[in-house]
1. Using beta carbons and a limit of 6 Å, which pairs, at least six apart or on different chains, have the first residue in region 60-87 and closer than 20 Å to Leu13 by Cα and the second one among the basic types (Lys, Arg)?
2. Output the strands (runs of 3 or more DSSP E) that fall wholly within region 1-81 and possess 3 or more residues being at pLDDT below 90 and surrounded by 11 or more Cβ atoms within 10 Å (Cβ to Cβ), or say none.
Amino acid sequence: MEKIPDQLGYLILTEDGAVLESGGELENDERVATIITDLISLSNSIDPVAFGPDEKFKKITITYDDHWFIICISNKKIYVVKRNIPTSSSESIAVNV
């Protein structure tokens, strides 16, 4: 997980939200783990008529101004990575007129 570019932190959780591994800004962050598991529970209960009863998400991305969270499930584990959003050189140049 530490080899992911622009990574600020990560969590690996059990399906019920217990922290198995963590690092960076998310080290042992039980609050974020609870929010993520609640979000997954909510996403799994979205209208089954619209999405089908067996249709589950593949990836959830939550985007903020300067970072994002990427969430996915694999092998009955929840993987969460907090990544920095790199600014392009054109965005970081301010011109005052």
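The values are calculated or read from the model by the stated rules, or taken from the named source; none is laboratory data. Nothing here was measured: the structure is a model prediction, and the numbers come from that model. Cβ coordinates were reconstructed from backbone atoms using ideal geometry, including for glycine residues, and neighbour counts include every protein chain displayed.
1. Once the first residue is closer than 20 Å to Leu13 by Cα and sits in region 60-87, its partners that are among the basic types (Lys, Arg) give Trp68/Arg83; Phe69/Lys82; Cys72/Lys59.
2. Result: empty, no element qualifies.
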